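The values are calculated or read from the model by the stated rules, or taken from the named source; none is laboratory data. Remember, it's a predicted structure, so these values are computed and weren't measured experimentally. All Cβ positions, even for glycine, are placed from backbone atoms using ideal geometry, and neighbour counts span all protein chains on display.
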Amino acid sequence: MIDYIRKFDIELEREHYYAGETLRGSVVIENTENVRIRGVRVFLRGKAHAEWKITRGGERRAVKEDVYFIDEKALVWGKDKHDDGSIPILPRGDHHFPFDFQLPECALPCSFESRMGTIRYYLRVLIDIPYASPPQGLKYFTIIGPHIDCMVDRYMTPVSCSDQSQRCCLCCMIGPISLDATLDRSAYCCGENIKMKCSVENGSDQNVWIICRLIQKVEYRISKGVLGLTKDVSHKIWEYKGPTVSPHSSETFHDLYKHLQVPVMPPTLNEVCKVIEIDYIIKVSLGLEKSGEDLEMEFPVDIATVPFRIPNSKPLELGYEIADERVEGGMYISPEFQLGQVYDGTANSHDEIVLYRPVYVCVPHERFSVTNANNAVSSDRCKGETSRQLQQQPQQPNTESTSV
């Protein structure tokens with residue numbers, strides 16, 4: 001920083017915004033001398049980036065792609081760089097230069113951080129000083145999006161699935177095993193409990209139990225060649241095993257929702273970002289004591305940004321939290337946002353300061369643990385050369401939970 005500029009900062013009214021809102025803030029400059037400054041310019045950018053390494057002809061190289069959603073600028077003091085005339089002088093003192101940008105009304109993808117792809121929104125401020133390297137500042141903020149409302153009719157329709165199997169033992173048929181599952185709705189906001197009911201008919205001679213898994217699938221895309229490059233990553237976020245159903249008995253489970261909670265994680269991204277797509281699936285199956293799993297069924301679900309509401313209920317304030325470390329979007333912090341501390345001999349000396357992490361909307365909830373087998377599967381596919389107030393449904397308490 002130039003010696004006579006003592007302070008240079010970018011301040012925002014909030015750290016997170018929705019599409020269509022007005023982003024307001026100010027550039028703060030404190031200078032100890034009168035300074036010739038051609039102008040102070042603010043740039044607003046929204047950019048998605050995907051990058052990974054591939055091997056071609058025995059050579060390993062990086063492939064990447066950038067897609068811009070927002071690219072705007074504003075002059076908050078002085079002249080534009082193409083304006084003629086004398087260069088103005090910024091008198092010494094403490095200055096606050098306000099600015100505002102109208103965010104687009106279109107569906108903006110959420111802020112997102114992972115090792116292979118990012119979606120970032122930021123402000124860059126440049127102080128144009130003649131005959132000197134211009135000081136620059138960056139300020140990152142979070143976009144909450146896209147707009148996915150749990151109350152839309154297509155999400156409110158229950159989804160049901162049923163299956164059965166007939167097993168043999170020494171050429172003799174054993175009674176059938178059947179599973180019926182119903183998902184009350186197909187969109188949930190972070191912090192909500194998944195409303196699911198399951199019925200099991202166990203005609204076999206072995207114990208069986210319900211297994212529920214929440215799966216996140218992320219696809220990264222790069223438009224290279226004719227069809228492009230893609231890379232798929234899948235995470236098992238949690239796994240829940242229900243009570244045992246004894247042989248030759250049946251059971252209906254109405255209270256599975258008490259155990260199936262949506263952690264804080266990025267919302268579903270479908271057809272709103274060219275380089276990153278995010279989907280979620282609930283897998284339901286039966287575990288059999290002697291013969292593994294059977295009767296697997298899948299329920300696609302959307303992670304929403306607007307939760308379920310009960311009409312005429314008391315509105316409450318939504319929360320904004322960083323993503324769970326078990327999902328893409330929560331397990332990785334870019335080195336550029338990590339600021340190490342000098343070791344001073346204390347236990348916490350090696351703790352790092354994180355300058356920025358995106359947040360995601362969630363309902364107030366009691367966080368509890370669901371058995372997790374956090375297995376990530378990554379695969380490459382090559383195709384040629386590819387705070388708002390809302391009326392919220394109250395959550396059921398859980399006696400083994402801790403408040404957050």
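Inspect segment 74-84 for any residue being more than 30 Å from ASP232 (Cα to Cα), outside any strand (DSSP E or B) and not charged (D, E, K, R) and give the result as yes or no. Spell out the reasoning first.
Residues of segment 74-84 that are more than 30 Å from ASP232 (Cα to Cα), as a first pass: 74-84.
Imposing the further condition that a residue be outside any strand (DSSP E or B) reduces the set to 79-84.
Next cut, not charged (D, E, K, R) only: 82.
There is at least one residue in segment 74-84 that is more than 30 Å from ASP232 (Cα to Cα), outside any strand (DSSP E or B) and not charged (D, E, K, R).
Could you tell me which of the residues ILE322, ILE276 is in the same structural domain as MET196 (by TED's automatic domain parsing), under 15 Å from the mean Cα position of the chain (by Cα), of a type in the set (A, V, I, L, M, F, W, C) and closer than 14 Å to VAL361 by Cβ? Talk me through it step by step, then tell me what you get.
Details: ILE276 fails: closer than 14 Å to VAL361 by Cβ.
Going through ILE322, ILE276 in turn, the sole match is ILE322.
Is segment 122-141 home to any residue that is within 28 Å of the chain's Cα centre (by Cα), among the aliphatic types (A, V, I, L, M), surrounded by fewer than 20 Cβ atoms within 10 Å (Cβ to Cβ) and under 30 Å from LYS79 (Cβ atoms)? Talk me through it step by step, then tell me what you get.
Applying the first criterion (within 28 Å of the chain's Cα centre (by Cα)) to segment 122-141 yields 122-125, 137-141.
Now restrict to residues that are among the aliphatic types (A, V, I, L, M): 123, 125, 138.
If we keep only those that are surrounded by fewer than 20 Cβ atoms within 10 Å (Cβ to Cβ) too, we end up with 138.
After this cut, where a residue has to be under 30 Å from LYS79 (Cβ atoms) as well, the list is 138.
Looking through segment 122-141, at least one residue is within 28 Å of the chain's Cα centre (by Cα), among the aliphatic types (A, V, I, L, M), surrounded by fewer than 20 Cβ atoms within 10 Å (Cβ to Cβ) and under 30 Å from LYS79 (Cβ atoms).
Out of all the residues in segment 240-287, which are small (Gly, Ala, Ser) and surrounded by 14 or more Cβ atoms within 10 Å (Cβ to Cβ)? Show your work before the answer.
First, pick out the residues of segment 240-287 that are small (Gly, Ala, Ser): 242, 246, 249-250, 285, 287.
GLY242, SER285, GLY287 - these are the residues of segment 240-287 that are small (Gly, Ala, Ser) and surrounded by 14 or more Cβ atoms within 10 Å (Cβ to Cβ).
Could you check how many residues of segment 37-63 are surrounded by fewer than 15 Cβ atoms within 10 Å (Cβ to Cβ), charged (D, E, K, R) and over 25 Å from the mean Cα position of the chain (by Cα)? Spell out the reasoning first.
In the first step, residues of segment 37-63 are kept if they are surrounded by fewer than 15 Cβ atoms within 10 Å (Cβ to Cβ); the result is 53, 55-62.
Of the ones still in play, those that are also charged (D, E, K, R) are 53, 56, 59-61.
Subsequent filtering for residues that are over 25 Å from the mean Cα position of the chain (by Cα) retains 56, 59-61.
Residues that pass the stated criteria total 4.
Determine whether ILE282 is assigned to a loop (DSSP other than H, G, I, E, B), aliphatic (A, V, I, L, M), at pLDDT 90 or above and more than 12 Å from the chain's Cα centre (by Cα). Reasoning before the result, please.
Numbers: assigned to a loop (DSSP other than H, G, I, E, B): no; aliphatic (A, V, I, L, M): yes; at pLDDT 90 or above: yes; more than 12 Å from the chain's Cα centre (by Cα): yes.
No: the conditions fail for ILE282.
Would you please list the contacts, defined by Cβ atoms under 8 Å and residues six or more apart or on different chains, that run from a residue in segment 156-173 that is within 20 Å of VAL208 (Cα to Cα) to a residue that is modelled with pLDDT under 95 and of a type in the set (Lys, Arg)?
MET173/ARG167
Looking only at segment 175-183, decide whether some residue is surrounded by fewer than 18 Cβ atoms within 10 Å (Cβ to Cβ) and modelled with pLDDT under 95.
Yes: segment 175-183 contains one or more residues that are surrounded by fewer than 18 Cβ atoms within 10 Å (Cβ to Cβ) and modelled with pLDDT under 95.
Just wondering, is there one or more residues in segment 147-157 that are more than 24 Å from PRO267 (Cβ to Cβ), of a type in the set (A, V, I, L, M) and modelled with pLDDT of 95 or more?
Keep residues of segment 147-157 that are more than 24 Å from PRO267 (Cβ to Cβ), which gives none.
No; the residues of segment 147-157 include none that is more than 24 Å from PRO267 (Cβ to Cβ), of a type in the set (A, V, I, L, M) and modelled with pLDDT of 95 or more.
Would you be able to tell me the number of residues in segment 121-137 that are closer than 27 Å to TYR17 by Cα and in a strand (DSSP E or B)? Give the steps one after another, and end with the answer.
First, pick out the residues of segment 121-137 that are closer than 27 Å to TYR17 by Cα: 121-127, 135-137.
From what's left, in a strand (DSSP E or B): 121-127, 136-137.
Looking only at that region, the number is 9.
Just give me the residues in segment 318-343 being farther than 21 Å from ARG357 by Cβ and among the acidic types (Asp, Glu), in sequence order. Quick ask: steps written out before the conclusion?
At the first step, the residues of segment 318-343 found to be farther than 21 Å from ARG357 by Cβ are 342-343.
None - no residue of segment 318-343 is farther than 21 Å from ARG357 by Cβ and among the acidic types (Asp, Glu), so the list stays empty.
Only one of GLU296, GLU336 is modelled with pLDDT under 95 and more than 30 Å from ILE119 (Cα to Cα). Can you tell me which? Before the answer, list the steps.
Numbers: GLU336 fails: more than 30 Å from ILE119 (Cα to Cα).
The conditions single out GLU296.
Based on this model, can you work out whether GLN102 counts as loosely packed, with under 14 Cβ neighbours inside 10 Å, in contact with a strand residue (DSSP E or B) (Cβ under 9 Å, 6 or more places away or on another chain), modelled with pLDDT of 95 or more and farther than 30 Å from ASP294 by Cβ? Before you say what the answer is, go through the steps one by one.
Values: loosely packed, with under 14 Cβ neighbours inside 10 Å: yes; in contact with a strand residue (DSSP E or B) (Cβ under 9 Å, 6 or more places away or on another chain): yes; modelled with pLDDT of 95 or more: yes; farther than 30 Å from ASP294 by Cβ: yes.
Judged against the criteria, GLN102 is a match.
Please go through segment 288-307 and give me each residue that is buried (at least 22 other Cβ atoms within 10 Å of the Cβ) and not in a strand (DSSP E or B), ordered by number.
Result: THR305, PRO307.
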